[in-house]
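One structure is given here, and the rest of the page talks about it.
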Amino acid sequence: MENAIAIYTDGACSGNPGPGGWGTILRYQGKEKELSGFEPNTTNNRMELTAVIQGLSALKTTEVPVTIYTDSKYIVDAINQHWIENWQTRGWRTAAKQPVANRELWEQLIALNQKFHPTYIWVKGHSTNEYNNRCDALAVQEYLNHQA
């Protein structure tokens, strides 16, 4: 859809935990912007969340529909299956009564979701989606760039 913003995201880690990177591509009206970053000691889930947060944080308008494409079932299910609301109801505890990992990132994402109201769509990772593959390459390049 030409009048919507598409955000593609991916995160990667060398070890879990270990050095990690994230990549995001924003597409709007035929233009693209690539963003990426690095963390020295992180997890794959943190990098996946960071990619989405950074993509949404880069937006300058709330007037355009936003769709996020990610290969993270964890993120898509947390949003679309309302896990986040359940976690909050249980005092940020999982169904197994364990603390929710990465709560501070989920809280950032909640605030951004309330601002931009994005739609979340899962895409198969390492497959035929060229933008997801590019995001993966950006994420991997970030942690490779920081190896000793």
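The values are calculated or read from the model by the stated rules, or taken from the named source; none is laboratory data. All of these numbers come straight from a predicted model, not from anything done at the bench. Ideal geometry is used to build each Cβ from the backbone, glycine not excepted, and the neighbour counts take in all protein chains shown.
Every condition in (1) more than 20 Å from R27 (Cβ to Cβ); (2) more than 13 Å from the chain's Cα centre (by Cα); (3) crowded, with 20+ Cβ neighbours inside 10 Å is met by A95 except one, and the failing one is (3). Return yes or no: is Y143 among the hydroxyl-bearing types (S, T, Y), crowded, with 16+ Cβ neighbours inside 10 Å, touching a Pro at 6+ places or on another chain (Cβ under 7 Å) and in a helix (DSSP H, G or I)? It is true that Y143 is among the hydroxyl-bearing types (S, T, Y), crowded, with 16+ Cβ neighbours inside 10 Å, touching a Pro at 6+ places or on another chain (Cβ under 7 Å) and in a helix (DSSP H, G or I). When every residue of the stretch 103-112 is checked against the conditions, none turns out to be under 15 Å from I25 (Cβ atoms) and at pLDDT 95 or above. Checking each residue in the stretch 20-56 for being of a type outside the set (D, E), more than 16 Å from Y120 (Cβ to Cβ), surrounded by fewer than 20 Cβ atoms within 10 Å (Cβ to Cβ) and touching a helix residue (DSSP H, G or I) at 6+ places or on another chain (Cβ under 7 Å) picks out L35, G37, F38.
Those helices (runs of 4 or more DSSP H) of the stretch 1-116 in which at least 3 residues are closer than 19 Å to N132 by Cα, in contact (Cβ under 8 Å) with a residue 12 or more places away in the chain and touching a Gly at 6+ places or on another chain (Cβ under 6 Å), considering only elements entirely within it, cover 44-57.
Among the residues that make up the stretch 124-138, is at least one of them without any contact (Cβ under 8 Å) to a residue 40 or more places away in the chain, part of a helix (DSSP H, G or I) and under 18 Å from T9 (Cβ atoms)? Within the stretch 124-138, one or more residues are without any contact (Cβ under 8 Å) to a residue 40 or more places away in the chain, part of a helix (DSSP H, G or I) and under 18 Å from T9 (Cβ atoms).
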